[in-house]
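Working notes for the structure below.
The values are calculated or read from the model by the stated rules, or taken from the named source; none is laboratory data. Not measured: the values here are computed from a predicted model. So basically every Cβ, Gly included, is an ideal-geometry build from the backbone, and we count neighbours across all protein chains shown. Side chains are part of the model used for accessible areas, which takes the heavy atoms of the whole protein and leaves out ligands, DNA and RNA. Shrake-Rupley method; radii C 1.70, N 1.55, O 1.52, S 1.80 Å.
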Amino acid sequence: MIRRIGPWLGVAAAILICAAATLPERHASTTSLAELKELYRRPEGIPFPPENPWTDAKETLGRMLFFDPILSGGHNVSCSSCHNPSLSWADGLKLANGTGQMQLHSPTIIDVAWVPTLGWDGKFKTLESVAFGPLLNPLNMNNTEGEIISRLRTVPGYVAAFAQAFPGEKQGEVVTRPHIEQAIATFERTILATPAPFDRWIEGDENAIGAAAKRGFVLFNGKADCANCHEGPSFSDFSFHDIGLAEEDDIGRGRLFPTSVKLRHAFKVPTLRDVARRAPYMHDGSMPTLEAVVEEYNTGGIDRASRSELIRPLGLTEAEKRDLIAFLNTLTGDQVPFQLPVLPR
């Protein structure tokens, strides 16, 4: 099922560069300008899985659940504690903090509808399967499945909302774990990147970004090799790589594939949407600024067998680093007021 979304997303297509001659050589030689434009075209609708199609009632229920601390053991933490809309759907902390401090940085959930596997290590196969991970984690929301369902079943407003979202179910049985998962995932799929200066530029407004950012875009797709992984409308291919940063037992996806050399220390390629507003960076929150991130990639990180073949010293000049950061800053969207739901009690 595809739910159509705002018209700007269907228009944000053309990547306009002053002249085709300024394109990186690998793009100029292998990709026409028209084809390059298509690489960054925003989709016209949100994909919803057939087993969990979108409905307004389900999205409304998921929105309430997402912001409600009733789901946490101590009634004091909600999904929005780590994924705050005012902080680009992240939390601005080095490491996620629920009922205790966790060992990973909270990722944004902007454009999560297009992410095929979830989590820094990809341990969640579907968005629906994510919800109860943090709900049951003692360091996150520290609750139990039975307690969550019991609490929700005692709130008449929630019982009615579940019945509306999942019609045909017996009223006493409509509040279930699968329905909680489906509702939260439905709402999360509606969380999208807002229009950014970059989008206005590719729509045809040459004044939307400056000359330095335009040079940075060329670097992004060429010498800096960023587009090898940070590609497409969300600026991520959602693959997993060791970028030469993690050390010792911080093995990421290697924990799921212990015999794989290349997946040791490998973590998810994050979206770059709203990147200027989402410091600190990396899976462990170890990079405080975009300047630090660019310098890390410029050095190539730790040279080892697991390091991705895409990672190498880049040899960027100081001017090129500034241009690249100027481009990255254009990916941060307009801040749009978000209406918090009224929670049933």
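Structure above, values below:
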{"quantity": "Residue-wise HN-Hα coupling along the range 228-242, computed from phi with Karplus coefficients 6.51, -1.76, 1.60 (Hz; x: Gly, Pro)", "calculated": "4, 10, 8, 10, x, x, 9, 6, 6, 9, 6, 8, 10, 9, 8"}
{"quantity": "Ellipticity estimate at 222 nm from DSSP helix runs (n ≥ 4, -39,500 (n - 2.57)) divided over the chain, nearest 500", "calculated": "-8500 deg cm²/dmol"}
{"quantity": "Proximal lysines to residue 125, defined as alpha-carbon separation beneath 24 angstrom and excluding residues fewer than eight positions away on the same chain", "calculated": "58, 262, 268"}
{"quantity": "For residue 135, solvent-accessible area (1.4 Å; no DNA, RNA or ligand), Å²", "calculated": "0 Å²"}
{"quantity": "Ranked order, 291, 51, 59 - accessible area, probe 1.4 Å, largest first", "calculated": "51, 291, 59"}
{"quantity": "For Kirkwood radius over Cα pairs in Å, calculated from these coordinates, the label among [x] 20.7; [y] 21.4; [z] 19.9", "calculated": "[y]"}
{"quantity": "Under-5 Å amide H pairs with residue 266, H placed in peptide plane, nonlocal only", "calculated": "253, 254"}
{"quantity": "Amide proton proximity set for residue 45, modelled H, under 5 Å, gap of 5+", "calculated": "5"}
{"quantity": "Shape call, the range 119-262: gyration tensor on alpha carbons, a/c limit 1.5", "calculated": "oblate"}
{"quantity": "Contact order relative to length of the chain, as percent, for alpha carbon pairs under 8 angstrom and 6 or more apart", "calculated": "21 percent"}
{"quantity": "Karplus-derived 3J(HN,Hα), 6.51/-1.76/1.60, for each residue of the range 191-206, Hz, glycine and proline x", "calculated": "7, 10, 4, 8, x, 10, x, 4, 5, 5, 5, 6, 7, x, 8, 5"}
{"quantity": "Rounded to the nearest 10 Å², the accessible area of residue 217 at probe 1.4 Å", "calculated": "0 Å²"}
{"quantity": "Accessible area (Å², 1.4 Å probe, nearest 10) - residue 75", "calculated": "100 Å²"}
{"quantity": "Total charge dipole magnitude, the chain, about the Cα centre, Cβ charges on Lys, Arg, Asp, Glu only, Debye to nearest 20", "calculated": "420 debye"}
{"quantity": "Residue 147/residue 114 FRET efficiency (R0 30 Å; Cβ-Cβ; nearest 0.05)", "calculated": "0.35"}
{"quantity": "Hz values of 3J(HN,Hα) by residue in the range 278-295 - Karplus curve (6.51, -1.76, 1.60), Gly and Pro given as x", "calculated": "10, 5, x, 10, 6, 4, 10, x, 7, 10, x, 9, 5, 4, 5, 5, 4, 5"}
{"quantity": "Estimated FRET transfer efficiency (residue 338, residue 318; beta-carbon r; R0 41 Å; 0.05)", "calculated": "0.60"}
